[in-house]
Amino acid sequence: MAVITPLLKGLAFTLSRFFSKPVTIQYPEEKREPAERWRGLHRLKSENGRLKCVACGLCEAVCPASVITVEAKETPDGRRFPERFVVEVTRCIFCGYCEEACPKDAIELTRNYEFCGYTREEFHMTRDVLAKN
Amino acid sequence: MVAFLIESVVKVVVVFGVLMLMVAYTTWLERRVLGRVQVRRGPNRVGPFGLLQPIADGIKGFFKEDIVPANADKLTYILAPALSIIPAILIVSVIPFGESVTLFGREIFLRVADINVAVLFIFGLASLGEFGVVLGGWGSNNRYGLLGSLRAAAQMVSYELALGFTLISVIMVSGSLSLVQIVEGQSHVWNVFKPILWLPFALYLVCGLAEINRTPFDMPEAESELACGFNIEYSSMKFAMFFMAEYAHMISLAALITCLFLGGWNLPFGWEAPFVPKVTWFLLKVFVLVFFFIWERGTFPRFRYDQVMNLGWKVLIPLSIANVVAVGLYYTVFA
């Protein structure tokens with residue numbers, strides 16, 4: 001009896017588990033809300049239809065993984081803007097230093113964690129992609 | 001004569017088809033039930049409730065690359081999966097799953113063959129099935145495979161003894177080796193309700209699980225120690241055949257236990273249910289047993305190899321011999 005009771009107990013336990021609701025999140029249909037401060041894909045913020053970024057290059061300088069490339073240009077009325085702004089997301093460590101370093105509050109890490117592609121180039125996120133994100 | 005031939009062929013085809021379907025859907029059931037036991041969902045993407053999963057798996061099995069290792073013993077390597085699955089399927093041929101029905105003015109018995117030594121026949125085939133596993137591990141010329149098959153051989157040989165002794169007590173109670181007569185003898189009281197057969201029932205369940213290499217006795221396959229086991233070098237349909245054999249064995253064990261202890265197609269206490277074909281009860285019992293095998297797999301951790309051997313030789317074999325003596329004494333004294 002001392003041998004059999006624990007076996008029956010185990011069976012009863014697994015049976016109760018069998019009738020419990022599964023905890024699985026059915027991913028593409030159901031999504032888990034990421035944490036409030038989740039650091040996902042970058043976004044270049046805009047104001048009045050213009051990018052806030054002035055291409056100062058501080059994010060490029062602070063980036064520990066060296067994934068940001070900024071090339072500055074000036075408009076005829078003397079306003080600086082990024083001609084080219086590339087984040088190589090595959091190598092990015094999502095530390096958020098670019099967001100912290102930015103003096104214009106022009107870049108932020110969003111909660112978007114769903115970006116995928118077939119080639120490495122697809123992960124070289126350019127200015128317009130990041131602005132729309 | 002012609003009518004008999006047609007009848008036999010139809011029965012064979014139907015039983016084989018149903019068995020293969022049950023094998024396929026037992027894999028589905030196993031994955032679903034294990035999933036639910038582990039608070040997961042299990043396969044649910046292919047078709048509603050994942051019901052087309054076995055078919056997808058089968059198609060995938062066919063299209064996988066079939067690898068034969070360079071140093072393998074070709075003949076045994078190729079022969080082993082067939083040797084494993086054929087006895088597993090043949091066992092079902094002597095299992096009676098219902099009384100007779102009348103079709104086209106002919107009384108048709110719901111069994112492929114009714115032979116008077118069915119129990120011995122099944123026993124022989126079950127031990128023949130071992131050779132598939134043993135030769136598979138040996139023929140693939142892989143040390144892990146060999147170790148797995150050695151374990152399988154040792155385990156099956158030692159548990160077969162206990163299984164055989166347990167069977168003797170059932171035969172003593174029924175007075176027949178024919179499964180049909182054993183089932184018919186249970187039309188009023190199932191064997192499992194006879195106190196004298198409680199111990200044999202438990203022993204048979206345990207030894208049967210060991211015999212078909214099912215958890216907690218799944219020695220031949222061990223991911224952690226043997227990097228898989230006897231089927232390590234097998235791929236594609238050959239692997240699938242070992243897999244199917246395993247599930248066919250599970251179903252035939254369930255069917256056999258149903259016949260020997262759970263009254264076959266009979267309802268308990270001689271009850272009769274009008275309009276319901278008796279095959280239903282048989283299939284229901286098989287389903288319950290198969291469910292139990294899966295449920296039990298989701299519950300118990302596996303034994304260590306030496307524990308399996310200890311349990312087999314030091315506990316189950318003495319118990320089963322004592323049981324034979326006890327049942328024999330009971331019948332000589334009281335009957």
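What the phi angles of region B:157-169 give under the Karplus curve with 6.51, -1.76 and 1.60, with θ = phi - 60°, is a coupling list of 4, 6, 7, 5, 4, 4, 4, x, 4, 5, 4, 4, 5 Hz, glycine and proline written as x. Rounded to the nearest 20 debye, the dipole size of region B:264-326 about its Cα centre is 180 debye, using +1 on the Cβ of Lys and Arg and -1 on the Cβ of Asp and Glu. Straight-line reach from residue A:21: which lysines have Cα under 22 Å away, leaving out those fewer than 8 places along the same chain? Hits, sequence-local ones excluded: A:9, A:31. Rounded to the nearest whole Hz, the Karplus-based 3J(HN,Hα) values (6.51 cos²θ - 1.76 cosθ + 1.60, θ = phi - 60°) of region B:265-278 follow the sequence 8, 7, 7, x, 6, x, 5, 10, 10, x, 6, 8, x, 5, with x at glycine and proline. Does region B:1-105 come out rounded, prolate or oblate, given a ≥ b ≥ c as the square roots of the eigenvalues of its C-alpha gyration tensor, rounded meaning a/c under 1.5 and, failing that, prolate meaning a/b above b/c? Note, shape of region B:1-105 comes out oblate. Heavy-atom accessible area buried between chains A and B is around 1500 Å² (1.4 Å probe, both sides summed). Take each residue in B:34-40, count the other chain C-beta atoms within 10 Å of its C-beta, and the mean is 5. These residues, B:102, A:69, go from largest to smallest accessible area, 1.4 Å probe, as B:102, A:69.
Coupling constants for region B:59-72 follow from the phi torsions by the Karplus curve (6.51 cos²θ - 1.76 cosθ + 1.60, θ = phi - 60°), and in residue order they are 4, 4, x, 5, 8, 6, 5, 9, 9, 10, x, 4, 9, 6 Hz; glycine and proline get x. Summed over the residues of the protein assembly as shown and divided among them, the accessible surface reaches 54 Å² per residue at a probe radius of 1.4 Å.
Look at the dipole of the protein assembly as shown built from charges on Cβ: of A:35, B:213, B:139, the Cα furthest out on the positive end belongs to A:35. For chain B, pairs of C-alpha atoms spaced more than 38 angstrom apart make up 17 percent of the total. With a 1.4 Å probe rolled over the protein heavy atoms of all chains, the accessible area of B:305, B:159 falls in the order B:305, B:159, largest first.
Only protein heavy atoms count here; under a 1.4 Å probe, residue B:75 has an accessible surface of about 130 Å².
Trypsin sites (Lys or Arg not before Pro) within region B:223-314: which are DSSP loop residues with at most 15 other Cβ atoms inside 10 Å? Listed in order of number, the matching sites are B:304. In this structure the amide hydrogen of residue B:108, modeled in the peptide plane, comes within under 5 Å of the amide hydrogens of B:101, B:102, B:103, none closer than 5 places in sequence on its chain.
The residue list B:271, B:317, B:282 was ranked by how far each Cα lies along the charge dipole of region B:255-335 toward its positive end, using unit charges on Cβ atoms, and B:317 comes out on top. Considering only B:286, B:308, B:13, the Gaussian network model of chain B with Cα springs below 10 Å gives its largest mean-square fluctuation to B:13. When the charge dipole of region A:2-133 is built from unit charges on Cβ atoms (+1 for Lys and Arg, -1 for Asp and Glu) and taken about the Cα centre, the candidate among A:93, A:16, A:70 whose Cα reaches farthest toward its positive end is A:16. Computed about its Cα centre, the charge dipole of chain B is approximately 700 debye, with only Lys, Arg, Asp and Glu carrying charge at their Cβ. A Förster distance of 41 Å, applied to the separation of the beta-carbon atoms of residue B:10 and residue A:25, puts the FRET efficiency at 0.25. Within chain A, the longest segment free of exposed loop sites, counting GluC sites (Glu not before Pro) that fall outside DSSP classes H, G, I, E and B and have at most 16 other Cβ atoms within 10 Å, spans A:37-113. Mind checking the dipole of the protein assembly as shown: about its Cα centre, +1 per Lys or Arg Cβ, -1 per Asp or Glu Cβ, Debye to the nearest 20? Computed about the Cα centre, the dipole is about 840 debye. Applying the criteria of a DSSP loop state and at most 14 other Cβ atoms within 10 Å to the chymotrypsin sites (Phe, Trp or Tyr not before Pro) of region B:176-280 yields B:271, B:275. Under Stokes-Einstein, with the Kirkwood radius over Cα pairs as Rh, the value for the protein assembly as shown at 25 °C and 0.890 mPa s is 91 µm²/s. Could you work out what % of the accessible surface of chain B is carbon and sulfur, using a 1.4 angstrom probe and leaving DNA, RNA and ligands out of the count? Ligands and nucleic acids excluded, carbon and sulfur reach 73 percent. With each label modelled as a point 7 angstrom along the Cα→C-beta vector, the residue B:128-residue A:133 pair spans 6.6 nm.
Taking a ≥ b ≥ c as the square roots of the eigenvalues of the Cα gyration tensor of chain A, is the shape rounded (a/c under 1.5), prolate (a/b larger than b/c) or oblate? Because a/c hits 1.5 or more and a/b exceeds b/c, chain A counts as prolate.
The values are calculated or read from the model by the stated rules, or taken from the named source; none is laboratory data. In this text, all values refer to a predicted model and were calculated from it rather than measured experimentally. Neighbour counts run over all protein chains shown; Cβ positions are idealised from the backbone, glycine included. Side chains included, ligands, DNA and RNA excluded: accessible areas come from the protein's heavy atoms. Shrake-Rupley method; radii C 1.70, N 1.55, O 1.52, S 1.80 Å.
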